[in-house]
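The values are calculated or read from the model by the stated rules, or taken from the named source; none is laboratory data. In this text, all values refer to a predicted model and were calculated from it rather than measured experimentally. All Cβ positions, glycine included, derive from the backbone under ideal geometry; neighbour counts span all protein chains shown. The protein model used for the area step is the full one, side chains on, heavy atoms only, and it has no ligands, DNA or RNA in it. Shrake-Rupley method; radii C 1.70, N 1.55, O 1.52, S 1.80 Å.
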Amino acid sequence: MAGAEDGPGQQPELDDDEAAYCRRWGAQHAGARELAALYSPVAGALIADFLSGLVHWGADTWGSVELPIVGKAFIRPFREHHIDPTAITRHDFIETNGDNCLVTLLPLLNMAYKFHTQSPEALERLYPWECFVFCLIIFGTFTNQIHKWSHTYFGLPRWVTLLQDWHVILPRKHHRIHHVSPHETYFCITTGWLNYPLEKMGFWRRLEDLIQGLTGEKPRADDMKWAQKIK
């Protein structure tokens with residue numbers, strides 16, 4: 001038990017029985033560490049999928065191509081993608097992945113620095129968290145590439161089509177659901193794992209209703225105007 005002289009901010013000392021209990025049931029239990037290491041990569045992929053959906057939903061649903069800076073640079077490509085979904089397949093590797101690579105470069109460099117400077121004991125404690133971050137970064141980095149593959153119907157490497165067929169990455173048939181006008185569902189474009197549960201929950205619709213109630217803005221109004229203008 002903690003001694004009477006333990007000061008503020010100090011960790012209390014545990015007796016042998018309490019220490020054994022923590023090792024058996026706490027976060028330091030070997031089984032807990034193994035489970036964390038096993039599931040943290042899956043959690044990283046899930047968070048990457050959700051973030052891809054959040055960004056995709058935001059750009060598809062709100063804003064206007066007439067907005068300064070972000071309109072032409074960020075929102076317009078999403079509008080054009082609904083008009084010509086296969087245009088992305090004509091982009092080279094840098095054009096497809098460059099922006100995401102720049103965003104994730106710093107976290108990868110930070111991870112490399114920690115692996116170079118920290119002790120093996122510290123790295124063992126950090127391993128589940130770093131696995132989570134690494135998978136989040138890798139799936140996030142290649143989200144646009146995965147999206148491009150979901151619109152590519154000829155000439156894909158066999159390993160890519162296998163990953164699509166196994167639903168490790170976004171399948172082509174799965175992503176077609178989003179491209180049915182008015183483009184109001186299945187926004188997640190990394191793995192697509194979260195599309196069905198989010199749709200069953202009505203997650204995006206509820207979020208749109210909340211924002212429309214607060215701002216008066218109508219979801220996808222600019223997207224529909226853009227589509228009519230192009231036609």
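Points worth noting:
- Karplus-derived 3J(HN,Hα) values for the range 196-212, using 6.51 cos²θ - 1.76 cosθ + 1.60 with θ = phi - 60°, are 5, x, 5, 5, 5, 7, x, 4, 5, 5, 5, 5, 5, 4, 5, 5, 5 Hz; glycine and proline are entered as x.
- The phi-based Karplus calculation (6.51 cos²θ - 1.76 cosθ + 1.60; θ = phi - 60°) puts the 3J(HN,Hα) values of the range 178-194 at 5, 8, 8, 4, x, 6, 10, 8, 6, 7, 6, 10, 8, 10, x, 4, 8 Hz, whole numbers, x for Gly and Pro.
- Packing, as the average of other Cβ atoms within 10 Å across residues, places the peptides 43-49, 157-163 in the order 43-49, 157-163, highest first.
- The range 110-226, accessible surface, carbon-and-sulfur percent (1.4 angstrom probe): 63
- The largest accessible area among Met201, Met224 belongs to the first residue in Met201, Met224, and the rest follow in falling order (1.4 Å probe, all chains).
- The phi torsions of the range 47-59, fed into the Karplus equation with coefficients 6.51, -1.76 and 1.60 and a -60° offset, translate into couplings of 5, 4, 5, 5, 5, 4, x, 5, 5, 4, 4, x, 6 Hz, rounded to whole numbers, with Gly and Pro shown as x.
- Spacing of the two label points (7 Å from each Cα toward its C-beta) at Leu207 and Ile138, in nm: 2.6
- Cα-Cα over 22 Å, subset of Lys148/Lys173; Lys200/Lys225; Lys173/Lys200; Lys173/Lys218; Lys72/Lys148: Lys200/Lys225; Lys173/Lys218
- Solvent-accessible surface (1.4 angstrom probe) belonging to Tyr39, in square angstrom, nearest 10: 130
- Distribution of pairwise C-alpha distances over the range 68-218, 10 Å bins, in %: 9, 29, 33, 21, 8, 1
- Using heavy atoms of the protein chains and a probe of 1.4 Å, the accessible area assigned to Asp165 is about 110 Å².
- Applying 0.36 nm per residue to the separation of Leu105 and Arg176 and subtracting their alpha-carbon distance, the gain on full extension is 22.5 nm.
- Global geometry of the range 151-202, whether rounded, prolate or oblate, following the gyration tensor of its Cα atoms and the 1.5 cut on a/c: oblate
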